[in-house]
Amino acid sequence: MGVLQIHLSGGEPASRRDLVEIVASAREAGLYTNLITSAIGLDLPRLARLMQVGLDHVQLSLQDVQADGADHIAGYSGAHERKLVFAKSVVELGLALTVNTVIHRANIGSIAALVEMAASLGAGRVEIAHAQYYGWALRNRQALMPTRDQVGRAMQEVAQIRSRYQGRIVIDLVVPDYYARRPKACMGGWGHRSLNVTPSGRVLPCHAAETIPGLRFWSVRDRPLAEIWSDSPAFQAFRGTGWMPEPCRSCEMREIDHGGCRCQAMAIVGDAAATDPACELSPHHDWMQLLAGQESSHPATAYVYRGRIPRDGATAIPAR
Amino acid sequence: MPDARAPVLPERPRLAPGVRLHFDTTRNAWVLLGPERVIETEGPASEILRRCDGSRTVGQIVDELTALYTADRAEIEGDVNDMLAELATKRMLA
Ligand SMILES: C[S@@+](CC[C@H](N)C(=O)[O-])C[C@H]1O[C@@H](n2cnc3c(N)ncnc32)[C@H](O)[C@@H]1O
(Lines give C-alpha, C1' and ligand atoms only; values in the text may rest on other atoms or scores of the structure.)
Protein backbone atom coordinates (compact mmCIF):
# COMPACT_ATOMS: atom_id res chain seq x y z
CA MET A 1 0.00 0.00 0.00
CA GLY A 2 2.97 2.29 0.48
CA VAL A 3 2.18 3.40 4.03
CA LEU A 4 5.22 5.22 5.40
CA GLN A 5 4.36 6.30 8.91
CA ILE A 6 2.46 5.00 11.89
CA HIS A 7 1.25 7.19 14.72
CA LEU A 8 0.44 5.36 17.92
CA SER A 9 -2.14 7.48 19.68
CA GLY A 10 -5.31 7.09 21.67
CA GLY A 11 -6.68 7.24 24.22
CA GLU A 12 -3.34 6.59 25.78
CA PRO A 13 -1.01 4.21 23.91
CA ALA A 14 1.06 3.67 27.07
CA SER A 15 -1.88 1.76 28.50
CA ARG A 16 -1.20 -1.01 25.95
CA ARG A 17 0.85 -3.75 27.58
CA ASP A 18 2.08 -4.82 24.14
CA LEU A 19 3.32 -1.36 23.15
CA VAL A 20 6.93 -2.49 22.78
CA GLU A 21 5.88 -5.40 20.54
CA ILE A 22 3.73 -3.07 18.43
CA VAL A 23 6.59 -0.62 17.93
CA ALA A 24 9.02 -3.42 17.14
CA SER A 25 6.85 -4.91 14.43
CA ALA A 26 6.02 -1.49 12.97
CA ARG A 27 9.74 -0.83 12.64
CA GLU A 28 10.34 -4.24 11.12
CA ALA A 29 7.76 -3.31 8.49
CA GLY A 30 9.87 -0.22 7.75
CA LEU A 31 7.35 2.26 9.15
CA TYR A 32 8.36 5.57 10.68
CA THR A 33 7.07 5.05 14.19
CA ASN A 34 5.71 7.92 16.24
CA LEU A 35 4.40 7.60 19.79
CA ILE A 36 1.84 10.25 20.75
CA THR A 37 1.53 10.18 24.52
CA SER A 38 0.59 12.05 27.66
CA ALA A 39 3.55 10.27 29.35
CA ILE A 40 1.21 9.05 32.08
CA GLY A 41 1.88 5.37 32.64
CA LEU A 42 5.09 5.27 30.64
CA ASP A 43 8.14 4.70 32.82
CA LEU A 44 11.81 5.04 31.90
CA PRO A 45 12.66 1.36 31.47
CA ARG A 46 9.81 0.97 28.99
CA LEU A 47 10.83 4.13 27.15
CA ALA A 48 14.35 2.75 26.84
CA ARG A 49 12.98 -0.53 25.46
CA LEU A 50 10.89 1.39 22.93
CA MET A 51 14.01 3.17 21.82
CA GLN A 52 15.90 -0.13 21.50
CA VAL A 53 13.27 -1.60 19.21
CA GLY A 54 13.53 1.44 16.95
CA LEU A 55 10.94 4.03 17.99
CA ASP A 56 11.61 7.04 15.75
CA HIS A 57 9.87 9.87 17.50
CA VAL A 58 7.94 10.88 20.63
CA GLN A 59 5.18 13.43 20.74
CA LEU A 60 4.34 14.61 24.26
CA SER A 61 1.27 16.65 25.12
CA LEU A 62 1.69 19.56 27.54
CA GLN A 63 -1.31 21.50 28.79
CA ASP A 64 0.31 24.71 30.00
CA VAL A 65 3.57 26.13 31.32
CA GLN A 66 2.65 26.33 34.97
CA ALA A 67 1.88 23.17 36.89
CA ASP A 68 -1.28 24.49 38.55
CA GLY A 69 -2.94 25.58 35.32
CA ALA A 70 -1.70 22.54 33.41
CA ASP A 71 -2.85 20.05 36.02
CA HIS A 72 -6.23 21.70 36.18
CA ILE A 73 -6.64 21.34 32.41
CA ALA A 74 -5.38 17.76 32.46
CA GLY A 75 -7.54 17.04 35.48
CA TYR A 76 -4.63 15.16 37.04
CA SER A 77 -2.54 16.49 39.88
CA GLY A 78 1.21 16.07 39.42
CA ALA A 79 0.84 15.37 35.70
CA HIS A 80 2.83 18.38 34.53
CA GLU A 81 5.88 17.57 36.64
CA ARG A 82 5.91 13.99 35.37
CA LYS A 83 5.69 15.18 31.80
CA LEU A 84 8.73 17.43 32.24
CA VAL A 85 10.77 14.58 33.70
CA PHE A 86 9.64 12.37 30.82
CA ALA A 87 10.60 14.99 28.21
CA LYS A 88 14.11 15.23 29.65
CA SER A 89 14.51 11.46 29.50
CA VAL A 90 13.36 11.34 25.89
CA VAL A 91 15.98 13.89 24.90
CA GLU A 92 18.70 12.29 27.04
CA LEU A 93 18.08 8.97 25.32
CA GLY A 94 18.71 10.74 22.01
CA LEU A 95 15.14 10.31 20.81
CA ALA A 96 13.47 13.05 18.77
CA LEU A 97 10.81 14.96 20.70
CA THR A 98 7.85 17.06 19.66
CA VAL A 99 5.82 18.93 22.25
CA ASN A 100 2.10 19.11 21.48
CA THR A 101 0.01 21.83 23.00
CA VAL A 102 -3.71 22.23 22.56
CA ILE A 103 -4.61 25.91 22.66
CA HIS A 104 -7.87 27.18 24.16
CA ARG A 105 -9.17 29.99 26.32
CA ALA A 106 -7.25 29.10 29.47
CA ASN A 107 -3.79 28.92 27.89
CA ILE A 108 -4.00 31.03 24.74
CA GLY A 109 -1.94 33.74 26.44
CA SER A 110 0.89 31.27 27.14
CA ILE A 111 1.87 30.33 23.57
CA ALA A 112 5.24 32.11 23.68
CA ALA A 113 6.02 30.55 27.05
CA LEU A 114 4.97 27.10 25.80
CA VAL A 115 7.28 27.38 22.79
CA GLU A 116 10.13 28.50 25.02
CA MET A 117 9.46 25.61 27.36
CA ALA A 118 9.46 23.14 24.44
CA ALA A 119 12.74 24.58 23.11
CA SER A 120 14.41 24.47 26.51
CA LEU A 121 13.29 20.87 27.00
CA GLY A 122 15.21 20.06 23.81
CA ALA A 123 12.21 19.42 21.54
CA GLY A 124 12.95 19.78 17.83
CA ARG A 125 9.39 20.62 17.05
CA VAL A 126 6.33 22.03 18.76
CA GLU A 127 2.74 21.74 17.65
CA ILE A 128 0.52 24.66 18.49
CA ALA A 129 -2.86 23.05 17.92
CA HIS A 130 -5.85 25.27 18.35
CA ALA A 131 -8.47 23.01 19.87
CA GLN A 132 -10.53 21.10 17.35
CA TYR A 133 -14.07 20.75 18.59
CA TYR A 134 -14.94 17.07 18.40
CA GLY A 135 -15.67 14.57 21.10
CA TRP A 136 -14.71 15.85 24.53
CA ALA A 137 -13.64 19.24 23.30
CA LEU A 138 -17.09 19.68 21.73
CA ARG A 139 -18.73 18.82 25.05
CA ASN A 140 -16.51 21.44 26.71
CA ARG A 141 -16.67 24.06 24.01
CA GLN A 142 -18.17 26.77 26.20
CA ALA A 143 -15.26 26.54 28.60
CA LEU A 144 -12.62 26.26 25.87
CA MET A 145 -13.54 28.68 23.08
CA PRO A 146 -11.30 31.76 22.93
CA THR A 147 -12.54 35.11 21.66
CA ARG A 148 -11.93 36.29 18.11
CA ASP A 149 -9.48 38.91 19.45
CA GLN A 150 -7.54 36.34 21.41
CA VAL A 151 -7.25 34.13 18.34
CA GLY A 152 -6.17 37.08 16.16
CA ARG A 153 -3.45 38.04 18.61
CA ALA A 154 -2.33 34.44 18.98
CA MET A 155 -1.93 34.06 15.20
CA GLN A 156 0.22 37.21 15.02
CA GLU A 157 2.24 36.05 17.95
CA VAL A 158 2.95 32.67 16.34
CA ALA A 159 4.21 34.40 13.19
CA GLN A 160 6.69 36.41 15.29
CA ILE A 161 7.75 33.43 17.38
CA ARG A 162 8.37 31.42 14.21
CA SER A 163 10.93 33.84 12.89
CA ARG A 164 12.52 34.24 16.32
CA TYR A 165 13.01 30.48 16.70
CA GLN A 166 13.91 29.68 13.11
CA GLY A 167 16.48 26.89 12.96
CA ARG A 168 16.05 26.23 16.70
CA ILE A 169 12.63 24.66 16.84
CA VAL A 170 10.08 23.89 14.14
CA ILE A 171 6.64 25.33 14.90
CA ASP A 172 3.64 23.63 13.32
CA LEU A 173 0.27 25.26 13.62
CA VAL A 174 -3.18 23.70 13.63
CA VAL A 175 -5.41 26.63 12.76
CA PRO A 176 -8.45 27.68 14.79
CA ASP A 177 -11.21 27.14 12.29
CA TYR A 178 -14.21 28.60 14.11
CA TYR A 179 -12.96 32.07 13.21
CA ALA A 180 -11.46 31.09 9.87
CA ARG A 181 -12.59 32.18 6.41
CA ARG A 182 -11.69 28.98 4.65
CA PRO A 183 -11.74 25.44 6.01
CA LYS A 184 -8.69 23.37 6.82
CA ALA A 185 -7.79 20.50 4.50
CA CYS A 186 -8.90 18.03 7.15
CA MET A 187 -6.79 14.83 7.11
CA GLY A 188 -5.39 16.04 3.79
CA GLY A 189 -8.65 14.83 2.28
CA TRP A 190 -11.03 12.05 3.29
CA GLY A 191 -9.57 8.67 2.37
CA HIS A 192 -6.79 10.46 0.56
CA ARG A 193 -3.68 10.31 2.74
CA SER A 194 -4.31 8.54 5.98
CA LEU A 195 -6.36 5.99 7.82
CA ASN A 196 -7.04 5.21 11.44
CA VAL A 197 -7.26 1.75 13.02
CA THR A 198 -9.09 1.54 16.37
CA PRO A 199 -8.07 -0.94 19.08
CA SER A 200 -11.01 -3.13 18.04
CA GLY A 201 -9.75 -3.20 14.45
CA ARG A 202 -12.23 -0.87 12.81
CA VAL A 203 -10.69 1.27 10.11
CA LEU A 204 -11.73 4.92 10.05
CA PRO A 205 -10.98 7.72 7.60
CA CYS A 206 -10.29 9.97 10.63
CA HIS A 207 -10.35 9.48 14.38
CA ALA A 208 -13.68 11.31 14.76
CA ALA A 209 -15.44 9.55 11.86
CA GLU A 210 -17.56 7.48 14.22
CA THR A 211 -19.43 10.69 15.12
CA ILE A 212 -21.03 10.53 11.66
CA PRO A 213 -24.14 8.35 11.78
CA GLY A 214 -24.75 5.83 9.05
CA LEU A 215 -21.14 5.24 7.98
CA ARG A 216 -20.15 1.60 7.68
CA PHE A 217 -16.64 0.79 8.82
CA TRP A 218 -14.87 -2.40 7.91
CA SER A 219 -12.52 -4.20 10.24
CA VAL A 220 -8.99 -5.55 9.79
CA ARG A 221 -10.29 -8.67 11.50
CA ASP A 222 -12.40 -9.39 8.41
CA ARG A 223 -10.56 -7.93 5.45
CA PRO A 224 -7.09 -6.89 4.30
CA LEU A 225 -6.23 -3.26 4.95
CA ALA A 226 -5.62 -2.45 1.28
CA GLU A 227 -9.11 -3.63 0.38
CA ILE A 228 -10.64 -1.59 3.21
CA TRP A 229 -8.75 1.48 2.06
CA SER A 230 -9.95 1.24 -1.50
CA ASP A 231 -13.45 -0.22 -1.14
CA SER A 232 -14.90 0.31 2.32
CA PRO A 233 -18.17 2.29 2.21
CA ALA A 234 -16.91 4.70 4.89
CA PHE A 235 -13.86 5.59 2.82
CA GLN A 236 -15.87 5.85 -0.37
CA ALA A 237 -18.47 8.11 1.23
CA PHE A 238 -16.55 11.39 0.99
CA ARG A 239 -13.55 10.52 -1.14
CA GLY A 240 -12.78 12.80 -4.07
CA THR A 241 -15.23 15.46 -5.17
CA GLY A 242 -18.29 13.47 -6.32
CA TRP A 243 -20.10 13.77 -2.96
CA MET A 244 -19.74 17.54 -2.82
CA PRO A 245 -22.69 19.92 -2.77
CA GLU A 246 -22.44 23.46 -4.09
CA PRO A 247 -20.60 25.73 -3.45
CA CYS A 248 -17.82 23.11 -3.04
CA ARG A 249 -18.53 21.22 -6.25
CA SER A 250 -17.56 24.11 -8.53
CA CYS A 251 -15.08 25.74 -6.17
CA GLU A 252 -11.53 26.13 -7.40
CA MET A 253 -10.29 25.08 -3.92
CA ARG A 254 -12.08 21.72 -4.00
CA GLU A 255 -8.93 19.69 -4.61
CA ILE A 256 -6.97 21.77 -2.10
CA ASP A 257 -9.15 21.88 1.00
CA HIS A 258 -11.22 18.83 -0.05
CA GLY A 259 -14.33 20.58 1.24
CA GLY A 260 -12.95 20.86 4.80
CA CYS A 261 -14.03 18.63 7.62
CA ARG A 262 -16.94 16.17 7.49
CA CYS A 263 -17.14 15.74 11.24
CA GLN A 264 -17.38 19.49 11.73
CA ALA A 265 -20.19 19.71 9.15
CA MET A 266 -21.91 16.96 11.12
CA ALA A 267 -21.37 18.66 14.49
CA ILE A 268 -22.48 22.15 13.45
CA VAL A 269 -24.86 21.67 10.52
CA GLY A 270 -26.12 18.20 11.35
CA ASP A 271 -25.23 16.96 7.86
CA ALA A 272 -21.86 15.35 7.17
CA ALA A 273 -22.16 16.09 3.44
CA ALA A 274 -22.63 19.84 3.95
CA THR A 275 -19.94 22.37 3.16
CA ASP A 276 -17.72 22.79 6.22
CA PRO A 277 -19.24 25.79 8.03
CA ALA A 278 -15.70 27.09 8.64
CA CYS A 279 -15.85 28.18 4.99
CA GLU A 280 -17.21 31.67 4.43
CA LEU A 281 -19.07 30.34 1.40
CA SER A 282 -21.12 28.00 3.58
CA PRO A 283 -24.65 29.16 4.33
CA HIS A 284 -23.95 28.18 7.96
CA HIS A 285 -20.74 30.17 8.32
CA ASP A 286 -22.34 33.15 10.08
CA TRP A 287 -24.11 30.85 12.50
CA MET A 288 -20.84 29.13 13.39
CA GLN A 289 -19.07 32.43 13.99
CA LEU A 290 -21.96 33.65 16.11
CA LEU A 291 -21.82 30.45 18.12
CA ALA A 292 -18.08 30.83 18.66
CA GLY A 293 -18.50 34.45 19.73
CA GLN A 294 -21.21 33.59 22.21
CA GLU A 295 -19.40 30.64 23.70
CA SER A 296 -16.15 32.56 23.98
CA SER A 297 -17.81 34.92 26.44
CA HIS A 298 -19.52 32.15 28.39
CA PRO A 299 -18.40 32.20 32.02
CA ALA A 300 -17.89 28.42 32.21
CA THR A 301 -14.49 27.37 33.52
CA ALA A 302 -15.16 23.81 34.71
CA TYR A 303 -14.45 20.92 32.38
CA VAL A 304 -16.27 17.67 31.88
CA TYR A 305 -13.79 14.78 31.74
CA ARG A 306 -14.00 11.46 30.02
CA GLY A 307 -15.10 8.67 32.31
CA ARG A 308 -15.81 10.92 35.28
CA ILE A 309 -19.15 11.96 36.66
CA PRO A 310 -19.56 15.69 36.13
CA ARG A 311 -20.41 17.53 39.31
CA ASP A 312 -22.04 20.90 39.55
CA GLY A 313 -19.50 23.61 40.27
CA ALA A 314 -16.67 21.10 39.92
CA THR A 315 -13.21 22.60 39.98
CA ALA A 316 -12.63 26.16 38.92
CA ILE A 317 -9.58 27.50 37.14
CA PRO A 318 -7.05 28.60 39.75
CA ALA A 319 -6.50 32.37 39.78
CA ARG A 320 -3.22 33.47 38.25
CA MET B 1 25.67 38.55 0.80
CA PRO B 2 25.14 35.70 3.20
CA ASP B 3 21.72 35.73 4.84
CA ALA B 4 22.13 36.66 8.49
CA ARG B 5 19.82 33.82 9.37
CA ALA B 6 21.45 31.24 7.11
CA PRO B 7 22.06 28.26 9.35
CA VAL B 8 25.58 27.17 10.17
CA LEU B 9 26.12 23.79 8.55
CA PRO B 10 27.54 21.00 10.66
CA GLU B 11 31.05 20.00 9.59
CA ARG B 12 30.05 16.39 9.05
CA PRO B 13 26.32 16.50 8.47
CA ARG B 14 24.10 13.66 9.50
CA LEU B 15 20.35 13.34 9.72
CA ALA B 16 18.92 14.62 12.99
CA PRO B 17 17.40 12.22 15.51
CA GLY B 18 13.91 11.39 14.33
CA VAL B 19 14.83 11.81 10.66
CA ARG B 20 15.53 8.80 8.51
CA LEU B 21 15.96 7.96 4.86
CA HIS B 22 13.89 5.02 3.75
CA PHE B 23 13.63 3.21 0.44
CA ASP B 24 9.98 2.68 -0.35
CA THR B 25 9.40 -0.20 -2.70
CA THR B 26 5.85 0.92 -3.58
CA ARG B 27 7.05 4.30 -4.85
CA ASN B 28 10.38 2.86 -5.91
CA ALA B 29 12.04 5.92 -4.41
CA TRP B 30 13.99 7.16 -1.41
CA VAL B 31 11.83 9.11 1.01
CA LEU B 32 13.02 11.26 3.86
CA LEU B 33 10.87 10.62 6.91
CA GLY B 34 10.52 12.94 9.87
CA PRO B 35 7.85 13.90 12.38
CA GLU B 36 4.70 14.52 10.32
CA ARG B 37 6.98 14.92 7.32
CA VAL B 38 7.44 12.85 4.20
CA ILE B 39 9.78 14.24 1.57
CA GLU B 40 10.08 12.25 -1.63
CA THR B 41 13.54 12.59 -3.07
CA GLU B 42 14.94 11.74 -6.44
CA GLY B 43 18.34 11.35 -8.11
CA PRO B 44 20.88 13.85 -6.78
CA ALA B 45 18.89 14.71 -3.63
CA SER B 46 18.84 11.11 -2.45
CA GLU B 47 22.55 10.76 -3.32
CA ILE B 48 23.29 13.74 -1.07
CA LEU B 49 21.05 12.49 1.73
CA ARG B 50 22.55 9.01 1.68
CA ARG B 51 25.92 10.56 2.34
CA CYS B 52 24.76 12.57 5.36
CA ASP B 53 25.89 9.92 7.82
CA GLY B 54 28.21 11.96 10.03
CA SER B 55 31.34 10.43 8.50
CA ARG B 56 31.80 12.73 5.52
CA THR B 57 32.54 16.46 5.43
CA VAL B 58 30.46 18.71 3.18
CA GLY B 59 33.52 18.91 0.89
CA GLN B 60 33.71 15.12 0.62
CA ILE B 61 30.02 14.91 -0.22
CA VAL B 62 30.56 17.46 -2.99
CA ASP B 63 33.56 15.49 -4.29
CA GLU B 64 31.62 12.26 -4.40
CA LEU B 65 28.68 13.87 -6.18
CA THR B 66 31.06 15.46 -8.69
CA ALA B 67 32.36 12.01 -9.50
CA LEU B 68 28.78 10.79 -10.05
CA TYR B 69 27.39 13.59 -12.18
CA THR B 70 28.67 15.52 -15.16
CA ALA B 71 27.95 19.03 -13.82
CA ASP B 72 30.99 20.98 -12.66
CA ARG B 73 32.05 21.05 -9.05
CA ALA B 74 31.06 24.67 -8.33
CA GLU B 75 27.51 24.03 -9.45
CA ILE B 76 27.23 20.85 -7.42
CA GLU B 77 28.72 22.59 -4.41
CA GLY B 78 26.02 25.26 -4.68
CA ASP B 79 23.28 22.63 -4.86
CA VAL B 80 24.63 20.63 -1.94
CA ASN B 81 24.96 23.74 0.23
CA ASP B 82 21.45 24.93 -0.64
CA MET B 83 19.95 21.58 0.15
CA LEU B 84 21.82 21.15 3.42
CA ALA B 85 20.94 24.70 4.47
CA GLU B 86 17.29 24.04 3.82
CA LEU B 87 17.40 20.82 5.83
CA ALA B 88 19.20 22.57 8.67
CA THR B 89 16.51 25.28 8.78
CA LYS B 90 13.94 22.54 9.04
CA ARG B 91 16.06 21.05 11.83
CA MET B 92 16.49 17.85 9.89
CA LEU B 93 20.30 17.83 10.15
CA ALA B 94 22.56 17.36 13.12
C1 LIG C 1 -5.93 12.75 21.59
S2 LIG C 1 -4.29 12.66 22.16
C3 LIG C 1 -4.02 10.95 22.40
C4 LIG C 1 -2.65 10.54 22.85
C5 LIG C 1 -2.22 10.85 24.28
N6 LIG C 1 -3.22 10.54 25.27
C7 LIG C 1 -1.72 12.27 24.42
O8 LIG C 1 -2.06 12.95 25.38
O9 LIG C 1 -0.91 12.68 23.59
C10 LIG C 1 -3.33 13.05 20.74
C11 LIG C 1 -2.93 14.49 20.59
O12 LIG C 1 -4.05 15.27 20.23
C13 LIG C 1 -4.08 16.43 21.00
N14 LIG C 1 -5.49 16.80 21.18
C15 LIG C 1 -6.36 16.28 22.07
N16 LIG C 1 -7.56 16.84 21.96
C17 LIG C 1 -7.47 17.76 20.97
C18 LIG C 1 -8.39 18.69 20.39
N19 LIG C 1 -9.63 18.77 20.80
N20 LIG C 1 -7.95 19.48 19.40
C21 LIG C 1 -6.68 19.39 18.96
N22 LIG C 1 -5.77 18.54 19.47
C23 LIG C 1 -6.16 17.73 20.46
C24 LIG C 1 -3.37 16.05 22.29
O25 LIG C 1 -2.79 17.14 22.93
C26 LIG C 1 -2.34 15.11 21.83
O27 LIG C 1 -1.15 15.77 21.48
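The values are calculated or read from the model by the stated rules, or taken from the named source; none is laboratory data. None of the values given here were measured: they were computed from a predicted structure. Neighbour counts run over all protein chains shown; Cβ positions are idealised from the backbone, glycine included. With ligands, DNA and RNA removed, areas are computed over all heavy atoms of the protein, side chains included. Shrake-Rupley method; radii C 1.70, N 1.55, O 1.52, S 1.80 Å.
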Worksheet item: What cysteines in chain A have no other cysteine with a beta carbon less than 4.7 Å from their beta carbon?
Response: A:CYS206, A:CYS248, A:CYS251, A:CYS263, A:CYS279
Fill in: Neighbourhood charge, 11 Å Cβ-Cβ cut-off, centred on B:ARG51 and excluding it, Lys, Arg +1 and Asp, Glu -1
0
Worksheet, complete the sentence: Over the protein assembly as shown, the sum of -39500 (n - 2.57) across DSSP H runs of at least four, divided by residue number and rounded to 500 deg cm²/dmol, gives at 222 nm -10500 deg cm²/dmol
Fill in: About the Cα centre, charge dipole magnitude for the stretch A:1-82 (Lys/Arg +1, Asp/Glu -1 at Cβ), debye
280
Response to the item:
Under 5 Å from the placed amide H of A:GLY260, counting only residues 5+ away or on other chains, we find A:CYS186
Worksheet entry | Dipole of chain B, positive end: most advanced residue of B:LEU33, B:VAL58, B:ILE48 [Cβ charges, Cα centre] | B:LEU33
Fill in: Of the DSSP H helices in chain A, those whose Cα atoms cover at least 18 Å axially and whose Kyte score averages -1.0 or more
A:79-92
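Any idea what the relative contact order of chain A is, in percent, if you count C-alpha pairs under 8 Å spaced at least 6 apart?
So the answer I get is 14 percent.
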Worksheet item: Any idea of the total accessible area buried by the B-A contact, 1.4 Å probe, rounded to 100 Å²?
Response: 1800
Worksheet item: Using a ≥ b ≥ c from the Cα gyration tensor of chain B (square roots of the eigenvalues), is it rounded, prolate or oblate, where a/c under 1.5 gives rounded and otherwise the larger of a/b and b/c decides, a/b for prolate?
Response: oblate
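Dipole size in debye (nearest 20) for the stretch B:20-89 around its Cα centre, Lys and Arg Cβ +1, Asp and Glu Cβ -1?
320
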Response to the item:
Comparing A:ALA113, A:ALA14, A:ALA265 in a Gaussian network model of chain A (Cα, 10 Å), the one with the largest mean-square fluctuation is A:ALA113
Worksheet item: How much net charge surrounds B:TYR69 when only other residues with a Cβ under 11 Å from its Cβ are counted (Lys, Arg +1; Asp, Glu -1)?
Response: -4
Discussion item. Can you give me the % of accessible surface on chain A that is carbon or sulfur? Probe 1.4 Å, all protein chains present, nothing else counted.
Written reply: 53
Item to complete: Lys and Arg at +1, Asp and Glu at -1: add these up for the other residues within a Cβ distance under 13 Å of B:ARG20 and post the number.
Response: +1
Discussion item. Can you tell me the length gained on complete extension of the stretch A:ARG16 to A:ILE256, counting 0.36 nm per residue apart and subtracting the Cα distance?
Written reply: 82.7 nm
Response to the item:
Check: C-alpha center the stretch B:13-72 vs C-alpha center the stretch A:117-167, spacing in Å is 33
Worksheet item: What FRET efficiency do you get for A:GLN166 and A:ARG221 if R0 is 56 Å and r is their Cβ-Cβ distance, rounded to the nearest 0.05?
Response: 0.75
Worksheet item: What FRET efficiency, computed as 1/(1 + (r/R0)^6) with R0 = 30 Å and r the Cβ-Cβ distance, is obtained for B:ASP63 and B:ARG14, rounded to the nearest 0.05?
Response: 0.95
Worksheet item: Between A:SER120 and A:SER9, what is the label-to-label distance in nm when each label sits 7 Å out along the Cα-to-Cβ direction?
Response: 2.9
Discussion item. Checking buried surface per residue: for the stretch A:28-43, which residues lose a minimum of 30 Å² accessible area in the protein assembly relative to the chain alone (1.4 Å probe)?
Written reply: A:GLY30, A:TYR32
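For B:GLU36 and A:GLU280, FRET efficiency with R0 = 22 Å and r from the beta-carbon atoms, rounded to 0.05?
Values: r = 28 Å, r/R0 = 1.25.
Plugging the Cβ-Cβ distance into 1/(1 + (r/R0)^6) gives 0.20.
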Worksheet item: Once Lys and Arg get +1 and Asp and Glu get -1 on their Cβ, which of A:ALA39, A:MET1, A:GLN66 lies farthest toward the positive end of the dipole of the stretch A:1-84?
Response: A:MET1
Practice prompt. Could you tell me which of A:LEU84, A:VAL174, A:CYS251 has its Cα farthest along the dipole of the protein assembly as shown towards the positive end, charges placed at Cβ (Lys, Arg +1; Asp, Glu -1), taken about the Cα centre?
Written response: A:LEU84
Item to complete: Please work out the average accessible area per residue across the protein assembly as shown, using the 1.4 Å probe convention, and give it in Å².
Response: 50
Practice prompt. Only Lys, Arg, Asp and Glu count, each charged at its Cβ (+1, +1, -1, -1), so figure out the dipole size of chain A about its Cα centre, rounded to 20 debye.
Written response: 300
Worksheet item: For the stretch A:1-47 and the stretch A:249-303, what is the separation of their Cα centres, given in Å?
Response: 33
Practice prompt. For the stretch B:1-87, with all protein chains present and a 1.4 Å probe, just round the carbon and sulfur fraction of the accessible area to a whole percent.
Written response: 50
